[in-house]
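The values are calculated or read from the model by the stated rules, or taken from the named source; none is laboratory data. If you're wondering where the values come from, they're calculated on a predicted model, not measured in any experiment. No Cβ is skipped: glycine too gets one built from the backbone with ideal geometry, and neighbour counts run over all protein chains shown. Each accessible area value is taken on the protein alone, full model and side chains, heavy atoms only, with ligands, DNA and RNA left out. Shrake-Rupley method; radii C 1.70, N 1.55, O 1.52, S 1.80 Å.
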Amino acid sequence: MNLNFETFEKEYLFDEKVNGSQTDYFQFAENELRLKDKIWCYQHFRQHYYELQKLKKFKNEVIIEKIDVRFIDEYVHYMTVKLNNKINTVNKTLKKMKTILNIAVQKNVIEKNPFVNYKIKSEKTHRVFLTNEELEKLYQFYFNYKRDDKYKTVLHYFLFACYTGLRYSDIEQLKWNHIIENQIYLVQHKTNELVQIPLSENAISLLPEKRSEHIFDVLSNQKSNEYLKILMEKAGIEKDVSFHTARHTFATLSLELGINLRVVQKLLGHQKISTTQIYTAVTDKVLLNEMKKWNSIH
């Protein structure tokens, strides 16, 4: 047999067929994830693998052709009742499954994605961010922190993210050659889009003196979040902070400072202005400042 891409695809990538026309969901998904290994960012890739393990605990054998609305409803019931997952956690899980099934449609494994007529529920979440006063407090806490330990390490790159809006995955990959004349030029992991971020004075002050290939020695996202919660207690900040709080902080404070919405969109690397507009509703401070303009009327 002559081996070309078509035969390779048929013989090796799509051996997930079982019992004739039935397709094993897990084998299909794992094959597709291998193909996406160099395309998707590591975080996105890992989340898909996590969701596969979660689904295996629900049913250790899943046939793509048999996934229907009833199956989805049963899985939702399992996640909400057995796993005590919140609505938005269920939402993320179903969206990952929907992505895999869309690929199955594209490759003619199934004719129609069962999610086409299925409404995935979600609820609005409160985006936690640090106020300007809290950020300044944390900044001073960092420079007054005497011990050179893991807590200070995490706080170091968390603060840098607060002043740049970078995601965890971008902080993780950030290298010195991404910084030219105090500006970051970086292709974002999540969107694969180039962002240009001029560094503020506080961001520059957080750049390490000692240089290696990567700017920061980054711990896992899970560990970073774990240490951040302890750090907030140490710093006297009563907020449930995760690493993504840094991005929310940058976006919110940028708007509070009066930076144009379109500029904030560009700094964050948002493809749609509507994504950036979410932050305009986060804080009352903007409303208060804007309403003060009425005081100038006599």
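Quick grid of which residues meet (1) closer than 30 Å to Asp170 by Cβ; (2) in a helix (DSSP H, G or I); (3) open to solvent by 40 Å² or more (accessible area, probe 1.4 Å):
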{"position": "Gln47", "(1), (2), (3)": "yes, yes, yes"}
{"position": "Lys54", "(1), (2), (3)": "yes, yes, no"}
{"position": "Glu61", "(1), (2), (3)": "no, no, yes"}
{"position": "Arg70", "(1), (2), (3)": "no, yes, yes"}
{"position": "Thr80", "(1), (2), (3)": "no, yes, yes"}
{"position": "Lys95", "(1), (2), (3)": "yes, yes, yes"}
{"position": "Asn102", "(1), (2), (3)": "yes, yes, yes"}
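Within segment 145-188, restricting attention to residues that are in a helix (DSSP H, G or I) and among the small types (Gly, Ala, Ser), the residue that is nearest to Leu219 (Cα to Cα) is Ser169. Residue under question is Glu65, and the condition is that it be farther than 27 Å from Arg46 by Cβ and part of a helix (DSSP H, G or I); does it hold? Here the answer is yes, as Glu65 does meet what is asked.
Before we move on, is Leu267 touching a strand residue (DSSP E or B) at 6+ places or on another chain (Cβ under 9 Å) and not β-branched (Val, Ile, Thr)? For Leu267, the condition - touching a strand residue (DSSP E or B) at 6+ places or on another chain (Cβ under 9 Å) and not β-branched (Val, Ile, Thr) - is met.
In segment 259-298, counting only helices (runs of 4 or more DSSP H) that sit wholly within it, the ones holding 1 or more residues that are at pLDDT 85 or above and closer than 15 Å to Gln196 by Cα span 261-268. Can you say whether Leu199 is farther than 28 Å from Gln47 by Cβ, crowded, with 19+ Cβ neighbours inside 10 Å and not charged (D, E, K, R), as far as the supplied structure shows? So Leu199 fails the test. Being within 20 Å of Leu268 (Cα to Cα), assigned to a helix (DSSP H, G or I), open to solvent by less than 30 Å² (accessible area, probe 1.4 Å) and touching a helix residue (DSSP H, G or I) at 6+ places or on another chain (Cβ under 6 Å), is that true of even one residue in segment 218-232? No. Scanning segment 117-135 for residues that are open to solvent by 20 Å² or more (accessible area, probe 1.4 Å), closer than 18 Å to Pro208 by Cβ and modelled with pLDDT of 95 or more turns up nothing. Within segment 239-267, residues that are over 15 Å from Thr164 (Cβ atoms) and among the acidic types (Asp, Glu) have Cβ atoms under 9 Å from residues that are open to solvent by 20 Å² or more (accessible area, probe 1.4 Å) and not in a helix (DSSP H, G or I) in these pairs: Asp240/Val128; Glu256/Thr131, counting only partners at least 6 apart in sequence or on another chain. Restricting Asn85, Asn108 to residues that are on the phi < 0 side of the Ramachandran plot, open to solvent by 20 Å² or more (accessible area, probe 1.4 Å) and modelled with pLDDT under 95 narrows the list to Asn85. Scanning segment 240-258 for residues that are surrounded by 14 or more Cβ atoms within 10 Å (Cβ to Cβ), out of contact with any Phe, Trp or Tyr (no Cβ under 8 Å at 6 or more places or on another chain) and not in a helix (DSSP H, G or I) turns up Val241, Ser242.
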